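This report refers to the structure that appears directly beneath it.
The values are calculated or read from the model by the stated rules, or taken from the named source; none is laboratory data. Treat the numbers as computed from the prediction; the structure is a model and nothing was measured. All Cβ positions, even for glycine, are placed from backbone atoms using ideal geometry, and neighbour counts span all protein chains on display. Ligands, DNA and RNA are stripped out before the accessible areas are found, and what is left, the full protein with its side chains, is counted by its heavy atoms. Shrake-Rupley method; radii C 1.70, N 1.55, O 1.52, S 1.80 Å.
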Amino acid sequence: MGSSLHGVRWLIHGEQEVWASPWLSVRRLDVEQPDGHRVDYHAIRLSDVAAVVVTDAEDRVLLMWRHRFLTDTWAWELPMGIVESCEAPAEAAARELEEETGWRSGPLTELIRSQPGAGIIDSTHYVFRATSASYAGPPTERNESDRIEWVPLAEVSRMIARHEVLSGITLLGLQQTLLTQPPPPSAV
């Protein structure tokens, strides 16, 4: 018996904007569920987000200590931000890195991407990886963080366990980096 990659599907019959800003739109959708029942559904269409994991030759990662006023929490985060309509996600990641930290990335490769809230939020989160960066000067975005540090990758798992890393895109990027790191040389 063959299997299909596609199965149960919901259909959108109509959609209207309830409220919007330049980077977010709250929507009301007329949705038909697979059993034929139609429901009023609410969702958010959010601009895509790009972040970058920058590591160096000393196996450190560049992080920012941030306060998030909405949740009133402090935690370490990757440089990140909204992908503008005129730029590719990698360009946004490089721009945000330099604006927020003052560091200019070396070549970027895509590390991972996700849809963090696909049941209610339409936004792709792209995480890129750079294994080099050069200091370009002080950050131009002064409202993001005043504490930017190179943190040993070996410490990241403990930081996550202590809840010092809370942002979903940061967790995803750091954990993927840890998964793809070559193992340290074994002691003989």
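Results, tabulated for the structure shown:
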item: Condition met for residue 59 (in contact with a Leu (Cβ under 8 Å, 6 or more places away or on another chain), on the phi > 0 side of the Ramachandran plot and of a type outside the set (A, V, I, L, M, F, W, C)); result: yes
item: Residue in the range 175-183 that is in contact with a strand residue (DSSP E or B) (Cβ under 8 Å, 6 or more places away or on another chain), modelled with pLDDT under 95 and more than 30 Å from residue 26 (Cβ to Cβ) present; result: yes
item: Qualifying residue in the range 77-91 (condition: open to solvent by 50 Å² or more (accessible area, probe 1.4 Å), in contact (Cβ under 8 Å) with a residue 40 or more places away in the chain and of a type in the set (Ser, Thr, Tyr)); result: no
item: Filter result (open to solvent by less than 70 Å² (accessible area, probe 1.4 Å) and either assigned to a helix (DSSP H, G or I) or among the hydroxyl-bearing types (Ser, Thr, Tyr) (or both)) within the range 119-156; result: 123, 124, 126, 132, 134, 145, 153, 155, 156
item: Tabulated pairs, the range 158-171, first at negative phi, second open to solvent by less than 20 Å² (accessible area, probe 1.4 Å) and in a helix (DSSP H, G or I), C-beta under 8 angstrom, 6+ apart or interchain; result: 160/174; 165/156; 165/159; 165/174
item: Pairs where the first residue, in the range 30-48, is over 16 Å from residue 16 (Cβ atoms) and in contact (Cβ under 8 Å) with a residue 40 or more places away in the chain and the second is part of a loop (DSSP other than H, G, I, E, B) and open to solvent by 70 Å² or more (accessible area, probe 1.4 Å), C-beta under 7 Å, 6+ apart; result: 46/23; 47/23
item: Matching residues, the range 165-174, being outside any helix (DSSP H, G or I) and either modelled with pLDDT under 95 or open to solvent by less than 50 Å² (accessible area, probe 1.4 Å) (or both); result: 165, 167
item: Matching residues in the range 39-65 - criterion: being surrounded by fewer than 20 Cβ atoms within 10 Å (Cβ to Cβ) and closer than 17 Å to residue 145 by Cα; result: 65
item: Hey, residue 10 open to solvent by 50 Å² or more (accessible area, probe 1.4 Å), modelled with pLDDT under 95 and not basic (Lys, Arg) or not; result: yes
item: Some residue of the range 37-50 being closer than 30 Å to residue 160 by Cβ, assigned to a loop (DSSP other than H, G, I, E, B), among the β-branched types (Val, Ile, Thr) and in contact with an Asp or Glu (Cβ under 8 Å, 6 or more places away or on another chain); result: no
item: Pairs where the first residue, in the range 99-118, is basic (Lys, Arg) and the second is open to solvent by less than 80 Å² (accessible area, probe 1.4 Å) and part of a loop (DSSP other than H, G, I, E, B), C-beta under 6 Å, 6+ apart; result: 104/136; 113/124
